[in-house]
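Report on one structure; see the data block that follows.
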Amino acid sequence: MSSISDNLQAVKDRIATAAREAGRDPQDVRLLAVSKTFGPDAVLEAAHAGQRAFGENYLQEALDKISAVREAQPDLLLEWHFIGPIQSNKTRPIAEQFDWVHSVEREKIAQRLSEQRPSQLPPLNICLQVNISGEASKSGVAPEEVLALAQKVASMPHLKLRGLMAIPEPEGDIDRQRLPFRKMRLLMDELRAHGLELDTLSMGMSADMDAAIAEGATIVRVGTAIFGQRHYAN
């Protein structure tokens, strides 16, 4: 059975290959290891193999894990990204414990994160989640509403708007996978044309990161290809 270390290296090799094939520098694509449903030991194993950025979807699980990892290895400096849905009554611990939030889709949520971010910490890095495929079941702001939200979030203290995030509808064919990612890239270009200084496209997961990298992803969010299949509690 492959170890997390071996899997990490395989994913990094895949990222590098996809970047080079797209004419990009592999260093311009960051790997976010999605550790949801995996315990602190898995995070520590990945960290000891050189991984520093970890993504979490479920708040209480994440808070317990962050605490356990810090207790086990206090000198280990990790970067924690919240990538799941955000309830307005759960913003304070996110503002206090995370370095990045990828899933902001409402002004109210951004406002609460801004107000609750401790002043002694650096600004909280923010990506706006876009419902790029227009799925009724998916979270995210509609593409035509992104500019207005981005302008509001960019002006909020204690936040730093970095870019956009999306989870497109799954497709098996790489050409079809690329279409929503291309829309995301064009949307980011549009925001930049309006004077917003953005540098992050958080898009692409285990099944479609090659397509995302071809269209300009700067962060890919990979879980199962690193940690293995998830086992959810019933």
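Tabulated data
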| read-out | value |
| --- | --- |
| Net charge over other residues, Cβ less than 13 angstrom from the Cβ of ARG106 (K, R count +1; D, E count -1) | 0 |
| Rh by Kirkwood over Cα pairs, then Stokes-Einstein D for the chain at 1.306 mPa s and 10 °C, µm²/s | 88 |
| Accessible surface of ARG14 - all protein chains present, 1.4 Å probe, nearest 10 Å² | 80 |
| For segment 1-94, alpha-carbon Rg over 2.2 N^0.38 Å | 1.20 |
| Two-site FRET efficiency, LEU147 against ARG30, from Cβ-Cβ distance with R₀ of 25 Å, rounded to 0.05 | 0.50 |
| Contact order normalised by residue count of segment 87-157, Cα under 8 Å, 6+ apart, percent | 32 |
| Of the DSSP H helices in the chain, those whose Cα atoms cover at least 15 Å axially and whose Kyte score averages -1.0 or more | 4-21, 59-72, 174-193 |
| Per-residue ³J(HN,Hα) for segment 206-222, Karplus 6.51 cos²θ - 1.76 cosθ + 1.60, θ = phi - 60°, Hz, x for Gly and Pro | 3, 7, 9, 5, 5, 5, 5, 5, 4, 9, x, 4, 10, 10, 10, 9, 10 |
| Of the chymotrypsin sites (Phe, Trp or Tyr not before Pro) in segment 125-234, those whose Cβ has at most 10 other Cβ within 10 Å and which sit in DSSP loop | TYR232 |
| Carbon plus sulfur fraction of accessible area for the chain, probe 1.4 Å, in percent | 47 |
| Lysine pairs with alpha-carbon atoms under 28 Å apart, the chain, spacing 8 or more or separate chains | 28 |
| D (Stokes-Einstein, µm²/s), Kirkwood Cα radius, segment 132-234, 1.002 mPa s at 20 °C | 145 |
| Distance-filtered residues of segment 159-194 - backbone nitrogen under 12 Å, label point 7 angstrom along LYS138 Cα→Cβ | 165-171, 177-184 |
| Protection-proxy order for peptides 115-127, 24-36, each taking the mean of Cβ atoms within 10 Å per residue, highest first | 24-36, 115-127 |
| Solvent-accessible heavy-atom area per residue, rounded to whole Å², over the chain at 1.4 Å | 49 |
| Hz values of 3J(HN,Hα) by residue in segment 74-87 - Karplus curve (6.51, -1.76, 1.60), Gly and Pro given as x | x, 8, 7, 8, 10, 10, 10, 10, 8, 10, x, x, 10, 8 |
| LEU124 long-range amide H proximity, modeled H, under 5 Å | LEU159, LYS160 |
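The values are calculated or read from the model by the stated rules, or taken from the named source; none is laboratory data. Keep in mind the model is a prediction, meaning the values are calculated, not measured. Counting neighbours? That spans all protein chains shown, and the Cβs are built from the backbone with ideal geometry, glycine included. With ligands, DNA and RNA removed, areas are computed over all heavy atoms of the protein, side chains included. Shrake-Rupley method; radii C 1.70, N 1.55, O 1.52, S 1.80 Å.
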